[in-house]
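What follows is a single structure, written as structure tokens, with notes after it.
Nothing in this text is a laboratory measurement; each read-out follows from the coordinates by a stated rule. Quick caveat, the model's predicted, so the values are computed rather than measured. Don't worry about glycine lacking a Cβ; one is built from the backbone with ideal geometry, like all the others, and counts go over all protein chains shown.
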Amino acid sequence: MNYKVAVVTGASSGIGKAIAESLAKQNIRLILVARRQDKLEQLQSKLQTPSHVIACDITDKNKIKAALNNLPAEFANIDVLINCAGLALGLEDAQETDWQDWETMLNVNCLALSYITHLLLPGMVERNQGHIINIGSTAGTYPYKGGNVYGATKAFVEQFTLNLKADLLGTALRVTNIAPGMVGESEFSQVRFKGDEEKARKVYEGLKPLTPSDVAASALWVLMQPEHVNINRIEMMPVSQAPSNLATRRGTD
Ligand code: 8X3
């Protein structure tokens, strides 16, 4: 692989961490971004590749801009951006949700992802080398009850990815949306249910979800394609999940 420096957001756990671990084996220098410094340093100590930690809330535009504009020289020429930081909050019907939850999802999943992309794109275009992988979700394509704004943010990720591809036509840059369904072994459901372990556990009860490593394997495959090949999107889900959620309500006639 030709890439030399990758930024991974959401690198402290789950899919982001698995992608960082997998890229470290490819000899790529890594910039690890997430809020929890201790987790990032723990990860850093285990990686076999040089890495740089940015412990920062990615919705803090000033901090993220300052951190990415003042990188040590060996990390400055970023050519891979893995936009993995994202979250779902709540599974209530729209009319019962907290506005704050919606705002947080929009801020992290849409605005922060766009902002970091906007910061890094000019350098990638100037060097004519780069690959942006956005981690979307099947929730961006298939609606489900309680998915409301979370699913909408992931639909944004899908369309943003395709629109970036349109703008980057004529450059060597590549853009991909990886949209996984249910992923276990991560903090996704604990975060969604705000620490309610019982609710989080029930999501994966009796089935075998994808793992963060499954998604990382797809990200690696995407990056390793020949230079003329762009994978626009990958949609993946566990064998025990299916997109068949059309709802009916009887007894109303
Ligand atoms: C995660 C997929 O189905 O839990 O983005 O919303 S789902």
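At-a-glance table
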{"item": "Those GluC sites (Glu not before Pro) in segment 112-216 that DSSP places in a loop and that have at most 16 other beta carbons within 10 Å", "result": "Glu185, Glu187, Glu205"}
{"item": "Helix axis angle, 113-127 relative to the chain longest principal axis, alpha carbon, degrees", "result": "30"}
{"item": "Nearest-ten-degree value, helix 148-168 long axis tilted from longest Cα axis of the chain", "result": "30"}
{"item": "Rg over Rh, two decimals, segment 85-158 (C-alpha only, Kirkwood Rh)", "result": "1.08"}
{"item": "Relative contact order (%) - criterion: Cα under 8 Å, at least six apart; region: segment 183-253", "result": "29"}
{"item": "Most fluctuating residue given options Gln48, Gln95, Gln159, as computed from a GNM of the chain linking Cα atoms under 10 Å", "result": "Gln95"}
{"item": "Cα pair count fraction exceeding 20 Å, expressed as % - segment 121-252", "result": "54"}
{"item": "10 Å-binned pair-distance histogram of segment 133-186 (Cα, whole percent)", "result": "25, 45, 23, 7, 0"}
{"item": "Globularity index of segment 5-236, i.e. its alpha-carbon radius of gyration over 2.2 N^0.38 Å", "result": "0.97"}
{"item": "Among Val80, Val175, Val229, residue whose mean-square fluctuation peaks in a GNM of the chain (springs only between Cα atoms under 10 Å)", "result": "Val229"}
{"item": "0 to 90° range, to nearest 10: angle between helix 14-24 axis and the chain longest Cα axis", "result": "20"}
{"item": "Using distinct alpha-carbon pairs, which all enter the 1/r mean, Kirkwood radius of segment 43-112 in Å", "result": "14.7"}
{"item": "Pairs from Lys4/Lys208; Lys63/Lys199; Lys17/Lys165; Lys17/Lys61; Lys39/Lys145; Lys165/Lys208 whose Cα-Cα separation, in the structure shown, is over 28 Å", "result": "Lys4/Lys208; Lys63/Lys199; Lys39/Lys145; Lys165/Lys208"}
{"item": "Debye equation applied to the C-alpha atoms of segment 30-164, log10 I(q)/I(0) at 0.10 Å⁻¹", "result": "-0.37"}
